[in-house]
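The values are calculated or read from the model by the stated rules, or taken from the named source; none is laboratory data. All values derive from a computational prediction rather than experimental measurement. When we count neighbours, we look across all protein chains shown, and the Cβ atoms used for this are built from the backbone with ideal geometry, even at glycine.
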């Protein structure tokens with residue numbers, strides 16, 4: 001069985017990686033897949049969410065280690081989807097690089113704001129190239145199967161053709177990033193205030209994001 005391996009990665013904190021990973025995991029569970037979420041952030045917010053919620057519909061395991069690319073394959077038995085909540089690369093580069101080595105889909109949650117785009121353009125590229133070098137040294141394909149930007153906290157819950165969201169989408173695209181059609185609209189009631197509660201994807205666009213990621217991965221896998 002080929003396992004869908006996703007890592008949510010960013011240069012800085014506060015872009016919604018944990019929310020994204022757990023809501024995607026819940027979406028895949030609803031699609032009758034069998035996901036496991038790996039919390040690779042030393043802040044352990046994913047593990048804390050699971051504990052405060054009294055458990056989730058899928059397991060969350062701690063993997064804040066620089067060798068998770070070696071340990072996670074041992075947890076894949078019986079699973080078809082592994083999602084990694086990687087820590088911010090500016091503070092925990094070695095753990096983040098291990099997540100990039102392991103994963104076949106690199107997902108970059110990002111708010112459509114100038115500082116996010118600048119940091120991505122200036123810093124993320126270099127970090128990704130270093131991860132590609134390590135993948136190659138370890139005998140893995142140099143490039144992942146997909147690299148996708150997921151715009152979060154957008155002004156509208158859909159991709160717009162004009163306005164700030166569209167402008168940042170264009171800026172990222174011009175720099176060679178693949179920006180997903182699905183976006184995550186700004187809604188604290190659904191996301192930030194959901195921490196510590198059972199995850200309810202109703203009314204969110206995360207199920208659509210999960211399907212879009214799966215479609216992109218399957219195109220390459222086929």
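Tell me which of these residue 153 doesn't satisfy, since it passes every other one: (1) out of contact with any helix residue (DSSP H, G or I) (no Cβ under 7 Å at 6 or more places or on another chain); (2) at pLDDT below 85; (3) crowded, with 18+ Cβ neighbours inside 10 Å; (4) not in a helix (DSSP H, G or I).
(2)
From 43, 48, 54, 16, which residue is within 16 Å of the chain's Cα centre (by Cα) and either within 16 Å of residue 81 (Cα to Cα) or modelled with pLDDT under 95 (or both)?
After ruling out the rest, the residue left standing is 16.
Identify all residues within segment 130-150 that are assigned to a helix (DSSP H, G or I) and either buried (at least 21 other Cβ atoms within 10 Å of the Cβ) or on the phi > 0 side of the Ramachandran plot (or both); write none if there are none.
Narrowing segment 130-150 to residues assigned to a helix (DSSP H, G or I): 130-137.
Answer for segment 130-150, where residues must be assigned to a helix (DSSP H, G or I) and either buried (at least 21 other Cβ atoms within 10 Å of the Cβ) or on the phi > 0 side of the Ramachandran plot (or both): just 131.
Can you report the number of residues in segment 157-187 which are assigned to a helix (DSSP H, G or I) and either under 15 Å from residue 109 (Cβ atoms) or in contact (Cβ under 8 Å) with a residue 60 or more places away in the chain (or both)?
Number satisfying all stated conditions: 4.
Pick from 212, 218: which is modelled with pLDDT of 85 or more, part of a helix (DSSP H, G or I) and surrounded by 14 or more Cβ atoms within 10 Å (Cβ to Cβ)?
212
Report, by residue number, each residue of segment 78-114 that is in a helix (DSSP H, G or I) and surrounded by fewer than 18 Cβ atoms within 10 Å (Cβ to Cβ). Working first, answer last.
From segment 78-114, those in a helix (DSSP H, G or I) are 93-102, 114; that's our starting set.
Passing the criteria: 93, 94, 114.
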